[in-house]
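Written below as structure tokens is the structure these notes are about.
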Amino acid sequence: MKITKSRLQQIIKEEIQAEMKKNIAYSGVVLDDKSVEKLKAAAKAIGVPEGFVFKTNAGAPLPHHMTIVAFKPIVYSKGNKSHDFSEHYPVGGEVTLTVTHIGFDNEAMAAKVDPPGPISTKRINFPHITIAIREGGKPSNSNDILDKNFQKVEEFEVTGTVQEVPQG
């Protein structure tokens, strides 16, 4: 079987793209510094639970982002529109989110947000930004905060940039 140069280039390109898709930790709206400070101030006004920290176990800062889709790029699966979030979230574009509620449980504190478009419902229970976690906890625990644990806040906006964040 003979492979042409252009076919070989196409195969290499497809393999590189497939490999890049495997290494995405999440695609999300990564907040700017001003928005991070707004969220921290709002959380402190409500009362951050004792023992909660504004960083992950790995030392990454919180709050940081709203996840659009976990472990995948903004556009995933060829031709499948249900996995294409680029209409509302162009990579590199600035997005505004409206914070409507803040809540917590024993594991995490988060802000509910109204995003400009749909997000994936796989691994994400509702549009939110993790603000703080129990020391030793995981940011993903914010997905499990019950609706009854959220309180309405005076709405405010936060902004960030759409990014496909690599693992590691």
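The values are calculated or read from the model by the stated rules, or taken from the named source; none is laboratory data. Fair warning: this is a prediction, and the values are worked out from it, not measured in the lab. Cβ sites come from the backbone with ideal geometry, for glycine too, and all protein chains shown count toward neighbours.
Quick notes on this one:
- Residues of region 120-134 that are modelled with pLDDT under 95 and of a type outside the set (Gly, Ala, Ser): 121, 122, 123, 124, 125.
Per-residue answers, yes or no, for (1) surrounded by fewer than 17 Cβ atoms within 10 Å (Cβ to Cβ); (2) more than 15 Å from residue 28 (Cα to Cα); (3) touching a Leu at 6+ places or on another chain (Cβ under 7 Å):
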| position | (1), (2), (3) |
| --- | --- |
| 62 | no, no, no |
| 66 | no, no, yes |
| 101 | no, yes, no |
| 124 | no, no, no |
| 132 | no, yes, yes |
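- Among residues of region 52-79 that are under 14 Å from residue 90 (Cα atoms), those with a Cβ under 6 angstrom from a residue that is at pLDDT below 90 and not polar (S, T, N, Q), sequence gap 6+ or separate chain, pair up as 73/21; 75/84; 76/83.
- Subset of region 134-157 [assigned to a strand (DSSP E or B) and either surrounded by 15 or more Cβ atoms within 10 Å (Cβ to Cβ) or touching a residue at least 60 places away in the same chain (Cβ under 8 Å) (or both)]: 134, 150, 151, 153, 156, 157
- Any hit, region 101-111, residues being farther than 16 Å from residue 62 by Cα, assigned to a strand (DSSP E or B) and at pLDDT 95 or above: yes
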